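Peer 1: Provided herewith is a single structure, encoded as structure tokens, for subsequent inquiry.
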Amino acid sequence: MGNAQLPIGIFDSGVGGLTVYRALHNRLPNEHFVYLGDTARVPYGTKSLATVERYALENSQFLASRGIKMLVVACNTASALALPAIRERIGLDVAGVIGPGGRKAVEMTRDKESPRIGVIATEATVASDAYLEAIRRASESAEVLQAGCPLFVPLAEENWTREPETFSIAAKYLEGMKQFAPDVLVLGCTHYPILRDVIQQTVGENVKLVDSGEATADE
Ligand code: DGL
């Protein structure tokens, strides 16, 4: 098989990365994809840097062994914590989701002088400050508030997209974010677009949501 015919590999910690797959498939309908969802070991977002790095390298090596022409690290947590290690080991083009998500957020802000950007992500992604750094690279003056929303992951895995429990958990997690009143809110976890409606209703219709998977597919 010629290199162009080979599939693009995508991995995530679970089903959430299918949102990234869909975004890529819509833009690149003639490409083939191979998707790995590590549902046996989800969640990644509550685990240590060393563990996430090890899982991410194992996933990357597994996909590379299936013959792929490039790798998309759909998982925000793995992108935030393990991208340099993957790039060093894998010998393929590797795309992560943090840089595109951060750039898109800055692009979508109304106030370019002092953009207010919220980021919701796993605890590990928030602790890494990877989004903060990506946003600051695109806009030095951006004001950024990050919030971890770990329970969103099992809720999305269960497809609890309308349950009252999901709304009350969202209200609790996003209370500080509402007070911060961002212009743009980054959905910095592959699972969060599954809860998009709940998140949008909770923060208000005037806050623009950025799906980092969509932003990655655009780039
Ligand atoms: N897929 C992960 C991410 O995008 C979220 C789920 C997890 O904690 O594993 O960060």
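The values are calculated or read from the model by the stated rules, or taken from the named source; none is laboratory data. These numbers come from a predicted model, not from an experiment. Every residue, glycine among them, receives a Cβ derived from its backbone with ideal geometry; neighbour counts consider all protein chains shown. Please note that ligands, DNA and RNA were not included when accessible areas were found on the heavy atoms of the full protein model with its side chains. Shrake-Rupley method; radii C 1.70, N 1.55, O 1.52, S 1.80 Å.
Peer 1: By what distance, in whole Å, do the Cα atoms of the range 65-133 stretch along each of the three principal axes, largest value first?
Peer 2: 45, 24, 16
Peer 1: Next up: Classify the range 151-219 as rounded, prolate or oblate from the Cα gyration tensor: take a ≥ b ≥ c as the square roots of its eigenvalues, call it rounded if a/c is under 1.5, otherwise prolate when a/b beats b/c and oblate if not. Before the final figure, lay out the partial values.
Peer 2: Details: a/c = 2.09, a/b = 1.11, b/c = 1.89.
Oblate is the answer for the range 151-219, as a/c is 1.5 or above yet b/c matches or exceeds a/b.
Peer 1: Between Thr46 and Arg162, what length in nm is gained on full extension when 0.36 nm per residue of separation is reduced by their alpha carbon distance?
Peer 2: Values: separation 116, 0.36 × 116 = 41.76 nm, distance 2.45 nm.
In short, 39.3 nm is gained.
Peer 1: Separation between the Glu31 and Arg110 pseudo-spin-labels, each 7 Å from Cα along Cα→Cβ, expressed in nm?
Peer 2: 3.4 nm
Peer 1: Figure the gain on full extension for Arg22 and Thr39 (residue separation times 0.36 nm, minus the Cα-Cα span) and round it to one decimal in nm.
Peer 2: Details: separation 17, 0.36 × 17 = 6.12 nm, distance 1.83 nm.
Result: 4.3 nm gained on full extension.
Peer 1: Which number comes out as Rg/Rh for the range 14-112 once both Rg and the Kirkwood Rh are worked out on C-alpha atoms? Display every interim value, and only then the final one.
Peer 2: Values: Rg = 14.1 Å, Rh = 14.4 Å.
That ratio is 0.98, to two decimals.
Peer 1: Say the dipole of the chain comes from +1 at the beta carbon of Lys and Arg and -1 at that of Asp and Glu; which of Ile194, Thr51, Ile135 then lies farthest toward its positive end?
Peer 2: Of the options given, the answer is Thr51.
Peer 1: Leaving ligands, DNA and RNA out of it, rank Thr161, Thr190 by accessible area with a 1.4 Å probe, largest first. Before the final figure, lay out each step's value.
Peer 2: On the way: Thr161 35, Thr190 10 Å².
If we order Thr161, Thr190 from most to least accessible, we get Thr161, Thr190.
Peer 1: Sticking with this structure for a sec: Of the lysine pairs in the chain, how many meet both conditions: Cα atoms under 16 Å apart, and a spacing of 8 or more in sequence or different chains? Can you show the working numbers first?
Peer 2: Details: Lys104/Lys112; Lys104/Lys208; Lys112/Lys208; Lys178/Lys208.
Close lysine pairs found across the chain: 4.
Peer 1: How large is the charge dipole for the chain, taken about the Cα centre, if only the Cβ atoms of Lys, Arg (+1) and Asp, Glu (-1) carry charge, to the nearest 20 debye? Intermediate results must be reported in sequence, preceding the final value.
Peer 2: Working: 21 positive and 27 negative charges, 65 e Å.
Magnitude of the dipole: close to 320 debye.
Peer 1: Let me spell out the model: positive unit charges on the Cβ of Lys and Arg, negative unit charges on the Cβ of Asp and Glu, origin at the Cα centre of the range 5-112. What dipole size does that give, in debye rounded to 20?
Peer 2: Numbers: 13 positive and 9 negative charges, 34 e Å.
Result for the range 5-112 is approximately 160 debye, rounded to the nearest 20.
Peer 1: Can you give the net charge of the other residues whose Cβ lies under 13 Å from the Cβ of Asp129, counting K and R as +1 and D and E as -1? Spell out each step's value before the answer.
Peer 2: Values: positive: Arg136, Arg137; negative: Glu123, Glu133.
Neighbourhood net charge equals 0.
Peer 1: Then there's this: Given the Cα atoms of the range 106-153, and with Rh set as the inverse mean 1/r over their pairs in the Kirkwood sense, what is Rg to Rh to two decimals? List each step's numbers first, then the result.
Peer 2: Numbers: Rg = 11.3 Å, Rh = 11.2 Å.
Here Rg/Rh amounts to 1.01.
Peer 1: Towards the positive end of the charge dipole of the chain, with charges on Cβ (+1 Lys, Arg; -1 Asp, Glu), say which of Leu185, Phe152, Phe11 has the farthest Cα.
Peer 2: The residue sitting farthest along the positive end of the dipole is Phe11.
Peer 1: How would you classify the range 49-100 from its alpha-carbon gyration tensor, with a ≥ b ≥ c the square roots of the eigenvalues: rounded for a/c under 1.5, else prolate if a/b is greater than b/c, otherwise oblate?
Peer 2: Working: a/c = 1.83, a/b = 1.23, b/c = 1.49.
Because a/c hits 1.5 or more and a/b fails to exceed b/c, the range 49-100 counts as oblate.
Peer 1: In vacuum, with every alpha carbon of the range 10-49 counted as one equal point scatterer, what does the Debye formula give for log10 I(q)/I(0) at q = 0.29, 0.33 Å⁻¹? Two decimals, please.
Peer 2: Result of the Debye calculation: -0.95, -1.09.
Peer 1: Then there's this: Would you mind working out the magnitude of the charge dipole of the range 45-101 relative to its Cα centre, with +1 at each Lys and Arg C-beta and -1 at each Asp and Glu C-beta, to the nearest 20 Debye?
Peer 2: Values: 6 positive and 4 negative charges, 18 e Å.
Result for the range 45-101 is approximately 80 debye, rounded to the nearest 20.
Peer 1: While we're looking at this one, here's another question. Keeping the other protein chains in place, figure out the carbon and sulfur percent of the accessible area of the chain, with a 1.4 Å probe.
Peer 2: Working: 4970 of 10100 Å².
C and S atoms contribute 49 percent here.
Peer 1: Tell me the per residue accessible area of the chain using a 1.4 Å probe; a whole number in Å² is fine.
Peer 2: 46 Å²
Peer 1: Can you give the convex hull volume per residue for the Cα atoms of the chain, as a whole number of Å³? Numbers along the way, then the final one.
Peer 2: On the way: hull volume 24.5 nm³, N = 219.
It is 112 Å³ per residue.
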